[in-house]
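**Student:** First, the structure itself, so that you have it in front of you.
The values are calculated or read from the model by the stated rules, or taken from the named source; none is laboratory data. Computed from a predicted structure; not experimentally measured. Positions of Cβ are generated from backbone atoms using ideal geometry, with glycine treated the same way; all protein chains shown enter the neighbour counts. SASA here: full protein model, heavy atoms, side chains in, ligands and nucleic acids out. Shrake-Rupley method; radii C 1.70, N 1.55, O 1.52, S 1.80 Å.
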Amino acid sequence: MAEAEEKETRSNEESTDESEEDESEEEPKLKYERLSNGMTEILQKDAASCMTVHEKFLALGTHYGKVYLLDVQGNITQKFDVSPVKINQISLDESGEHMGVCSEDGKVQVFGLYSAEEFHEMFDCPIKIVAVHPHFVRSHFKQFVTGGKKLLLYERGWMNRWKPSVLHEGEGNIRNVKWRGHLIAWANNMGVKILDMISKQRITNVPRDDISLRPDMYPCSLCWKDNLTLIIGWGNSVKICSVKERHASEMRDLPNRYVEIVFQFDTEFYISGLAPICDQLVILSYVKEISEKTEVECCARPRLDIVQPLPESCEEISSDALTVRGFQENECRDYHLEYSEGESLFYIISPRDVVVAKERDQDDHIDWLLEKKKYEEALMAAEISQKTIKKHKILIDQLKLLHTPVHILLGSVLSFILIKKMLCLRRCQCLFFDIGLAYINHLVEKGEYDLAARKCQKILGKNTELWEFEVYKFKEIGQLKAISRYLPRRDPVLKPLIYEMVLHEFLESDYEGFATLIKEWPGDLYNNTIIVQAVVDHLKKDPQNRTLLQTLAELYTYDQRYGRALEIYLTLRHKDVFQLIHKHNLFSSIRDKIVLLMDFDSEKAVDMLLDNEDKISIDRVVEELENRPELQHVYLHKLFKRDHHKGQRYHEKQISLYAEYDRPNLLPFLRDSTHCPLEKALEICQQRNFVEETVYLLSRMGNSRSALKMIMEELQDVDKAIEFAKEQDDGELWEDLILYSIDKPPFITGLLNNIGTHVDPILLIHRIKEGMEIPNLRDSLVKILQDYNLQILLREGCKKILVADSLSLLKKMHRTQMKGVLVDEENICESCLSPILPSDASKSFNVVVFHCRHMFHKECLPVPNTVSSVQFCNICSAKHRGPGSAILEMKK
């Protein structure tokens, strides 16, 4: 449970016992502090007897009859000597301008704090309570009540005279009274009553539950939650009462209001005070316990509980034991609980101490999380509430560090001694409290270095000074590698020294990690020259280390020394060499390195060279590859595939290259090339006995008979021979093929199966010698007949189609020619060029209109010959009897 602590100094008599809250993981709902300053001075000489809280100030009554007005910080603003004996009650109106005071000697005073208005009255018995009307400042509400043996109402009447009237008597002393709106609630020895000031009727009587408790030792606590809800605490019983309007049909002689108890429950301890907080209750409890040493019942620390009322019980939300001065000597009646509605402040009053309890805000919540080392939750809470928190900051906005120029690179080695001295100087000047940094420190202490480094990104943000400070701290504990992945690279950018320090750490112990950082970090973060020199120094010890060589090439690239980078990449046969050449246009640097590129990756090299012919010419590439004909062939082959004409001057060379390294592509090359010398090609193919290629070249050179003879003699493939004869479509070739095959039965079978559509099979059959055994002769003859029948069917089918199409077109032409032709005044005779129609329509005329739409006067046409009476259009006759071969004659 939470322990209230004094802000300045602690009294020697104050208990140092820790509260139960220290052992609990549950966060308290309230925070506590002692009311000090003037309050401390008062309670050192006097004892508090009562206190009333206003939103603007506090009013404290003491056992020595003094009344003090204090501000909320406990500073004394006014002092009143009211009585020589104990002040029993102080009452303020809502405006805070009028105060009522009563004391143990029977004195009652009601006066204005800012006016001369005052009322004095002396009674012959102690007056325990006084309450002024909440709106006492208004002239028609000049009322207050007092309580001793009677409950008296004082009202100011005519000529400012105060008129008393008895509201209640006969049930013992009045112990407590609370006035809210038009309702007055008071407690006497028998119970609690409520009076409606409008009707002047008492509307309820709530009897006390435990009559065995002395009412003067265990007084009743009253509190209005609102204008119609009264909270009663007496002994260990709590009742929440609601004032309601009675229905008109139920009134009769009853008051127009009644009270319903909506919640009722018992508590573990005796109640000294209570107050509302939202829909919950704050209860101040007096506690007794058995001492472990003396085994005698004694007074324990009072408790402040927050409970959630239920219909017949309550749920405890929080419970705090309070260490107040002199709690061992206090009784239940010595404690009081007052509260300020506007600010949710709760004042725990005891004779020698006043403790203020207030709801914990987000800053307090964060403090508690930090105390419990729940830094992740604290950071999240601060982010969510960063606009409302006042005490904490997610990120230190400005951290004043010692800015001393430091150049601690000795060759390529960082001087750790200088770093440590600089770190110590900076630490001396860093005085801060920050959630994020506390979280990072906590993670580092736990050894969770990677998580601590990852959190730096979020916590340190763009503060370069904090980043540098944390890097030095990680350096000191030997964990630079952990933070390296999370260092900012853009907005912000740290000093180059920071990045160089991290790179050096990796270079000393982890080449792979060093290479990764060089790839990931932009080259402008650090001094490239220094890092290059450091890598070169390490390569002197291990010159064949591929990781360092590759990294050095990347550093040369960042430094725009592309030639050196290219040399290393080619030596390593690294895949990025082509990307480097393209990206930085290094074609001038690779003119003498073409063989190396081809050896590394011929496909990519050839593609790159062909894509950039304007930068490295074909002739230059062929020249460079002269001593590597296999690579020369790869290049020229791809060139030929892209464009058959670009490398035509090398087609003769390619014949030998194809013959040597790529025979499958030789024949396609010979077929597609129009620039290779056929004689040279034929010579090479004949030397190497390439039959198919030789056959092609012979046929292309016009020597088809030699080509066919080679197929028959060298390949002995009748199918190829037949195919070749079909391609050439030469009767003499077919004759040679038949003569060659006539004494070879397998060849005759092949011819019979394939010759039918090209040569009359009868010519072959007549030449077959009698008695020659021919394989599959019957099947071959059947196939010949089937092929012949198929040809007949095809011819008949084609004939039918031709006849049908001719008839269809003839009908279409007939329909077209039978259509009428429009002849009007705009038409002219194509011979005399005069209008085709006469100007006098009454005269007869003859007009000849051809189907070509040319028109003539009949007399303008030549007389047809005697052989044929058909006339033709003079204009279209030159087109070999065009569409005007028929005529349409018009007569009138």
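**Student:** Mind listing whichever residues of the stretch 818-843 are in contact (Cβ under 8 Å) with a residue 24 or more places away in the chain, surrounded by 14 or more Cβ atoms within 10 Å (Cβ to Cβ) and not in a strand (DSSP E or B)?
**Tutor:** V823, N827, C829, E830, S831
**Student:** A follow-up question, please. Of the residues L596, L609, L639, L631, which is assigned to a helix (DSSP H, G or I), touching a helix residue (DSSP H, G or I) at 6+ places or on another chain (Cβ under 8 Å), farther than 21 Å from A659 by Cβ and open to solvent by less than 20 Å² (accessible area, probe 1.4 Å)?
**Tutor:** L609
**Student:** Where in the stretch 651-753 are there helices (runs of 4 or more DSSP H), lying fully within it, with 1 or more residues that are at pLDDT below 75?
**Tutor:** 718-728, 731-741
**Student:** Which one is modelled with the lowest pLDDT, of the residues in the stretch 431-466 that are of a type in the set (D, E, K, R) and within 23 Å of the chain's Cα centre (by Cα)?
**Tutor:** Out of the qualifying residues, it is K458.
**Student:** Could you tell me which of the residues L254, L281 is out of contact with any Ser or Thr (no Cβ under 6 Å at 6 or more places or on another chain), without any contact (Cβ under 8 Å) to a residue 12 or more places away in the chain and either closer than 18 Å to E338 by Cα or open to solvent by 70 Å² or more (accessible area, probe 1.4 Å) (or both)?
**Tutor:** On inspection, the qualifying residue turns out to be L254.
**Student:** Look at L487 and say whether it is part of a helix (DSSP H, G or I) and surrounded by 16 or more Cβ atoms within 10 Å (Cβ to Cβ).
**Tutor:** So L487 does not fit the description; no.
**Student:** Sticking with this structure for a sec: Where in the stretch 117-180 are the strands (runs of 3 or more DSSP E), entirely inside, with at least 3 residues that are open to solvent by less than 50 Å² (accessible area, probe 1.4 Å) and modelled with pLDDT of 85 or more?
**Tutor:** Those strands (runs of 3 or more DSSP E) span 129-132, 143-147, 150-156, 162-169, 176-180.
**Student:** Still on this structure: Checking the condition within 24 Å of R180 (Cβ to Cβ), assigned to a loop (DSSP other than H, G, I, E, B) and out of contact with any Leu (no Cβ under 9 Å at 6 or more places or on another chain), which residue from S83, S91, S95 passes?
**Tutor:** Among S83, S91, S95, only S95 is within 24 Å of R180 (Cβ to Cβ), assigned to a loop (DSSP other than H, G, I, E, B) and out of contact with any Leu (no Cβ under 9 Å at 6 or more places or on another chain).
**Student:** Also: Please list, ordered by residue number, the strands (runs of 3 or more DSSP E) wholly in the stretch 247-358 having 2 or more residues that are aromatic (F, W, Y).
**Tutor:** The strands (runs of 3 or more DSSP E) meeting that bar are 257-266, 345-350.
**Student:** Restricting the search to the stretch 657-678, which residues are under 14 Å from P629 (Cα atoms) and open to solvent by less than 50 Å² (accessible area, probe 1.4 Å)?
**Tutor:** Correct list: L657, Y658, A659, D662.
**Student:** Is it the case that some residue within the stretch 311-322 is open to solvent by 50 Å² or more (accessible area, probe 1.4 Å), over 29 Å from K45 (Cβ atoms) and among the polar types (S, T, N, Q)?
**Tutor:** Within the stretch 311-322 (the criterion being open to solvent by 50 Å² or more (accessible area, probe 1.4 Å), over 29 Å from K45 (Cβ atoms) and among the polar types (S, T, N, Q)), the answer is yes, since at least one residue qualifies.
**Student:** Looking at (1) closer than 27 Å to H135 by Cβ; (2) out of contact with any Lys or Arg (no Cβ under 7 Å at 6 or more places or on another chain); (3) open to solvent by 50 Å² or more (accessible area, probe 1.4 Å); (4) not hydroxyl-bearing (S, T, Y), which is the only condition N227 fails?
**Tutor:** (2)
**Student:** Counting residues that are touching a residue at least 40 places away in the same chain (Cβ under 8 Å) and farther than 30 Å from E624 by Cβ, which helices (runs of 4 or more DSSP H) fully inside the stretch 490-591 reach at least 3?
**Tutor:** Per the criteria, 496-509, 528-541.
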